[in-house]
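Structure first, commentary second.
The values are calculated or read from the model by the stated rules, or taken from the named source; none is laboratory data. Given the structure is predicted, the values throughout are model-derived calculations rather than measurements. Here the Cβ is made from the backbone with ideal geometry for all residues, glycine too, and neighbour counts use every protein chain on show. These area figures cover heavy atoms from the full protein model, side chains too; ligands, DNA and RNA do not enter into them. Shrake-Rupley method; radii C 1.70, N 1.55, O 1.52, S 1.80 Å.
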Amino acid sequence: MIIIYPLFLIFSYLLGAVPFGYIITLYFAGFDIRTKGSGNIGFTNVLRAVGKKEAFLTLAGDTIKGLIPVILARIIFNDNSLAAACVIEAIIGHDYPVFLRFKGGKGVATSFGALFGILPLAGAIALAIWLAVFYLWKYSSLAAITSYSLLPLVVILINPHHTNIAFAVIVTALLLLKHIENIKRLLKGTENKIGSKKKG
């Protein structure tokens, strides 16, 4: 069984690396999403560059690929630690997909899928924070940065097991790393809101 664990980790990475935004945009719109807007393959850029249908299909695909490793790891191995490791691999796969030369998305939707699989209550709270921040300021990036920056604290308050805390810290670190440029633009006041057609 131990030999199968690394294979399952590799599977989780490859699943996370499936670039739904790229595939969906290419199929429905006929162009490479990386050549439009911010060049990101995630929900926000697909929404700006293509449309709502394609964006929500991207959102669904990216969320599900964060959830599937949790479900499979629990059904097949009954191992929560392996489930946490697998979804981290899925997030890394989304952020750095081998299929797109390691240039992927920012991991927001995939991380939400992972959260709802590992810690549903923490996922619900993080989503509520995301929605509140987005409603007030209309910045998708600010909503993600705020909700995930608070995630370790949320986990400590509701389920402070060391595995859960480590999972939350790693997920937060990965997301903030991918949002460094967004943070810089937010500080400069040049970040684009949802609905903006500007590049970035």
Report summary line: Read-out Kirkwood radius over Cα pairs in Å, candidates (1) 16.9; (2) 18.2; (3) 18.9; calculated match is (1)
Query raised in the report: Which chymotrypsin sites (Phe, Trp or Tyr not before Pro) from region 1-62 combine a DSSP loop assignment with at most 12 other Cβ atoms within 10 Å?
Result: PHE31
Requested in this report: Quick one: pull the percentage of alpha-carbon pairs in region 2-85 with a separation above 18 Å.
Outcome: 47 percent
Query raised in the report: If each Cα of region 101-200 is one equal point scatterer, what is log10 of I(q)/I(0) from the Debye formula at q = 0.11, 0.12, 0.16, 0.24 Å⁻¹?
Result: -0.33, -0.39, -0.68, -1.29
Report summary line: Here the Cα Rg-to-2.2 N^0.38 Å ratio for region 72-115 is 1.24
Report summary line: Per-residue ellipticity at 222 nm attributable to helices in the chain (runs of n ≥ 4 DSSP H, -39500 (n - 2.57) apiece, nearest 500 deg cm²/dmol) works out to -22000 deg cm²/dmol
**Report entry** Ranked order, VAL98, VAL155 - accessible area, probe 1.4 Å, largest first
**Finding:** VAL98, VAL155
**Report entry** Fraction of accessible area attributable to carbon and sulfur, the chain (%, probe 1.4 Å)
**Finding:** 70 percent
Query raised in the report: Rounded to a whole number, what is D in µm²/s for region 16-59 from Stokes-Einstein with the Kirkwood radius over alpha-carbon pairs (20 °C, 1.002 mPa s)?
Result: 222 µm²/s
Query raised in the report: If you find the alpha carbon centre of region 62-104 and of region 16-52, how far apart are they in angstrom?
Result: 21 Å
Query raised in the report: How much accessible area does SER147 have with a 1.4 Å probe, in Å² rounded to the nearest 10?
Result: 0 Å²
Query raised in the report: With the other protein chains left in place, how much accessible area per residue, in square angstrom, belongs to region 1-96 at a 1.4 angstrom probe?
Result: 47 Å²
Query - Range in the chain, longest, excluding exposed trypsin sites (Lys or Arg not before Pro) [loop by DSSP; at most 11 other beta-carbon atoms within 10 Å] - result: 1-100
Query raised in the report: Dividing the alpha-carbon radius of gyration of region 130-171 by 2.2 N^0.38 Å (N being the number of residues), what value is obtained?
Result: 1.29
Query raised in the report: Can you list the lysines whose alpha carbon is less than 22 Å from that of LYS193, not counting same-chain residues fewer than 8 positions off?
Result: LYS36, LYS52, LYS53, LYS106, LYS138, LYS178, LYS184
Report task. Working with all protein chains in place, sort PHE167, PHE99 by solvent-accessible area computed with a 1.4 Å probe, largest first. Result -> PHE99, PHE167
